[in-house]
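The values are calculated or read from the model by the stated rules, or taken from the named source; none is laboratory data. As the structure is a prediction and not an experimental result, all values here were calculated from the model. All accessible areas refer to the heavy atoms of the entire protein, side chains included, with ligands and DNA or RNA removed. Shrake-Rupley method; radii C 1.70, N 1.55, O 1.52, S 1.80 Å.
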Amino acid sequence: MPVTVHPTAIVDPGATIGDGSRVWHWVHICAGARIGRGCSFGQNVYVGNKVIIGNNVKIQNNVSVYDNVTLEDDVFCGPSAVFTNVYNPRSAVSRKDEYRDTLIKRGATLGANCTVVCGVTVGEYAFVAAGAVVNRDVKPFALIAGVPGRQIGWMSRNGARLALPLSGDGVAKCPATGESYVLQAGNCTCAAT
């Protein structure tokens, strides 16, 4: 399946985009970007040079994915989600050699208008609520909300809230799929993986 690129989009020579990906209105993908198969880039998305994007990633309208950001397979970025790559920017001070790596792991969801401060890792299948500010690492399957972001629960791979305590031990089933999840010593795992 070929890549679809809208006539208003700019894909700089050198960018790699996997089969079946769709690049919509007013998107700019820089030359060094590496993008997997089956991705979708909504209106007005920017993708920097030092960006790696896996397969089946959905990036909604008005998201800028700056240098040193990696999005693994199946990541969802809601409309106007924000990434940064410099922790303490100043207009008069060049800090391009101080970019911090940001990693969004497989299956994670970043809600609309959330902000991910550079240098953090968001774990597999974590769910960041709309408007939250992530300024520290997020555990796999964690549900994060607020400013600054705090864990308020756990989410399944399907995106359903799990009936598990925030810490300690427990077992729960996804209400949507019936998959089993185990919470042990404050870490959640899916029994199916």
Share of accessible surface on carbon and sulfur in segment 35-193, whole %, 1.4 Å probe and ligands ignored, is 48
Can you tell me which of VAL171, VAL23, VAL63 moves the most in a GNM of the chain? Springs connect C-alpha atoms under 10 Å apart. VAL171
Can you tell me the accessible area per residue over the chain, all protein chains present, probe 1.4 angstrom, in square angstrom? 49
Out of residues 5 or more away from ASN113 or on other chains, whose amide H comes under 5 Å of its own, with H placed 1.01 Å from N in the peptide plane? SER80, ALA81, GLY131
Accessible-area order (highest first, 1.4 angstrom probe) of the listed residues LEU162, LEU103: LEU103, LEU162
Going by a ≥ b ≥ c, the root eigenvalues of the Cα gyration tensor, does segment 77-170 fall in the rounded group (a/c under 1.5), the prolate group (a/b larger than b/c) or the oblate group? prolate
Amide H within-cut-off set for LYS139, under 5 Å, with H built and near neighbours excluded: GLY123
Area accessible to solvent at TRP24, 1.4 Å probe radius, in Å²: 90
Picking from GLY38, GLY48, GLY170, which is most flexible by a Gaussian network model of the chain using Cα springs under 10 Å? GLY170
What ³J(HN,Hα) values, in whole Hz, does the Karplus curve 6.51 cos²θ - 1.76 cosθ + 1.60 give for segment 134-144 when θ = phi - 60°, with x put for Gly and Pro? 9, 10, 8, 4, 10, 5, x, 6, 6, 9, 10
Order by accessible surface, 1.4 Å probe, largest leading, for residues ARG150, ARG157 comes to ARG150, ARG157
Convex hull volume per residue for the chain, taking Cα atoms only, in Å³: 122
